[in-house]
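Below is one structure, written out as C-alpha cells, with a few remarks after it.
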Amino acid sequence: MSTEQTLLPLAKQAAERAYTPYSKFSVGAAITTKQGDTILGCNVENAAYPVTLCAERNAITTAVVNGARPGDITEVVIFVDTDEVASPCGACRQVMSEFMSQQAKVTSFNGKGQSKTWTVAELLPDSFTLL
Ligand SMILES: [Zn+2]
C-alpha cells in the first residue's frame, strides 16, 4: 500500500475534527516527518476570518513544536470531501516549501477517492526563501 493510501484514513479523521462553522469546508491533513512522526491537522476557522488556519499549516506547525525543522516534513496528504480535488492555498504552499524538500510529495484526495499528487516545486516554483 502506498504511503498516500496509508495516510488517507488519518487525513479523513482529521477532517472530521475540523472547526468550520462558517464555510462548512472541512479539510484534514496527515503529514510525516524525518523523525518518524505522523501528525494530523485540520482547518480551524474563526469569526475574524483572516486568522483561520488551514489543515496543512496546522499539521506542519505542530510538527515544528515536536522538533521538525526545514526539510523535515517528508509527505503531506490532504482530504476534502468534495467532488473536485482541492489544491493547497498559496500560504500553505509557501510553508511547505520551507519545511519540505522541493521533491517531496503532496497528495490531495477528494470524497470520491480521486487524487492528485504534486511535488513541492510544482506547487510553488521559485519560492521565497531566506535560508
Ligand atoms: Zn492553506
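Just a few scattered comments:
- Filter result (of a type outside the set (Lys, Arg) and either within 14 Å of the ligand (Cβ to nearest atom) or touching a residue at least 60 places away in the same chain (Cβ under 8 Å) (or both)) within region 6-17: Leu7, Leu8, Leu10, Ala11, Ala14, Ala15
- Matching option when the condition is touching a residue at least 60 places away in the same chain (Cβ under 8 Å), away from the ligand (no atom under 12 Å from the Cβ) and surrounded by fewer than 19 Cβ atoms within 10 Å (Cβ to Cβ), among Thr38, Thr62, Thr3: Thr3
- The residues of region 50-59 that are under 18 Å from Pro88 (Cβ atoms) and without any contact (Cβ under 8 Å) to a residue 40 or more places away in the chain, listed by number, are Pro50, Thr52, Leu53, Cys54, Arg57, Asn58.
- Of everything listed in (1) within 12 Å of the ligand (Cβ to nearest atom); (2) of a type in the set (A, V, I, L, M, F, W, C); (3) part of a helix (DSSP H, G or I), the single unmet condition for Val106 is (3).
- Meets criteria (farther than 21 Å from Pro125 by Cα and either of a type outside the set (Phe, Trp, Tyr) or in contact (Cβ under 8 Å) with a residue 12 or more places away in the chain (or both)) for Thr33: yes
- In region 81-115, the residues that are surrounded by 14 or more Cβ atoms within 10 Å (Cβ to Cβ) and either among the charged types (D, E, K, R) or free of Cβ contacts under 8 Å to residues at least 12 places away in the same chain (or both): Asp81, Arg93, Glu98, Lys105
- Only a single criterion out of (1) modelled with pLDDT of 95 or more; (2) under 18 Å from Ser101 (Cβ atoms); (3) not basic (Lys, Arg) is not satisfied by Gln35, namely (1).
- Residue check for Thr20: hydroxyl-bearing (Ser, Thr, Tyr), more than 16 Å from the ligand (Cβ to nearest atom) and either out of contact with any Leu (no Cβ under 6 Å at 6 or more places or on another chain) or free of Cβ contacts under 8 Å to residues at least 24 places away in the same chain (or both): no
- Filtering region 41-50 to residues that are away from the ligand (no atom under 13 Å from the Cβ) and touching a strand residue (DSSP E or B) at 6+ places or on another chain (Cβ under 9 Å) leaves only Asn46.
The values are calculated or read from the model by the stated rules, or taken from the named source; none is laboratory data. Quick caveat: nothing in here was measured; it's all calculated off a predicted structure. Please note: Cβ atoms are built from the backbone with ideal geometry, for glycine as well, and neighbour counts cover all protein chains shown.
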